[in-house]
Amino acid sequence: MVPAVRGGLGVLLVLVALASVVGRGQTTNPRATVEAAMMKADRDFDRAAADRDMTRFLSFVAENAAFDSADGRGPDAVRRAWAPFFERGGPTLRWTATRAESLVAGDVGYTIGTWERRAKDARGSDVVRRGQYLTVWRKQKDGAWRAEFDTGSTAQ
């Protein structure tokens, strides 16, 4: 009878250990989830610019967005400022988010990262500029993340 108890105890310990691992896997850090969503929005925003898809790009811009690069607020101002990046043969601007952080409520946060702009000068030579950026995101009523504010600095 002792071996059966010992075996049953072993099974019980294995089940407790498995339940602990499974339980940990099911609990999520709400801020980490929000920050992952902002990182995805940032990557998708960049992808829309890379694809030169202005409609998709503007879907990430909030109605009252303020971009340092735009004169005015909102998607129309951003469209005017960013138009050259969507023209065939125009300059390109690509960026990579390196970090996201959210406020406790999980409805506002920011991404930071690096950017690279490629263009041609008047002689047709390549001009490459690099820098860092900050984008402030707000979760909308429909669940989408949209950029409320965007700015950057040039490193070279």
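Just so you know, all these numbers are worked out from the coordinates, no wet-lab data involved. A quick note: this is a predicted structure, and the numbers were derived from the prediction, not measured. Methodologically, a virtual Cβ is constructed for each residue, glycine included, from the backbone with ideal geometry; neighbour enumeration extends over all protein chains shown.
General observations
- Residue check for VAL61: under 20 Å from the mean Cα position of the chain (by Cα), free of Cβ contacts under 8 Å to residues at least 24 places away in the same chain and crowded, with 19+ Cβ neighbours inside 10 Å: no
- Qualifying residue in segment 118-131 (condition: closer than 17 Å to MET38 by Cα and hydroxyl-bearing (Ser, Thr, Tyr)): no
- Sole residue being aliphatic (A, V, I, L, M) and surrounded by 12 or more Cβ atoms within 10 Å (Cβ to Cβ), chosen from ALA119, ALA155: ALA119
- Selection count where residues are in contact with a Gly (Cβ under 8 Å, 6 or more places away or on another chain) and among the basic types (Lys, Arg), scope segment 125-147: 1
- Screening ASP71 against (1) in contact (Cβ under 8 Å) with a residue 12 or more places away in the chain; (2) more than 27 Å from VAL104 (Cβ to Cβ); (3) loosely packed, with under 14 Cβ neighbours inside 10 Å leaves a single unmet condition, (1).
- TRP137 meets all of the listed conditions (1) out of contact with any Pro (no Cβ under 8 Å at 6 or more places or on another chain); (2) surrounded by fewer than 18 Cβ atoms within 10 Å (Cβ to Cβ) but one, namely (2).
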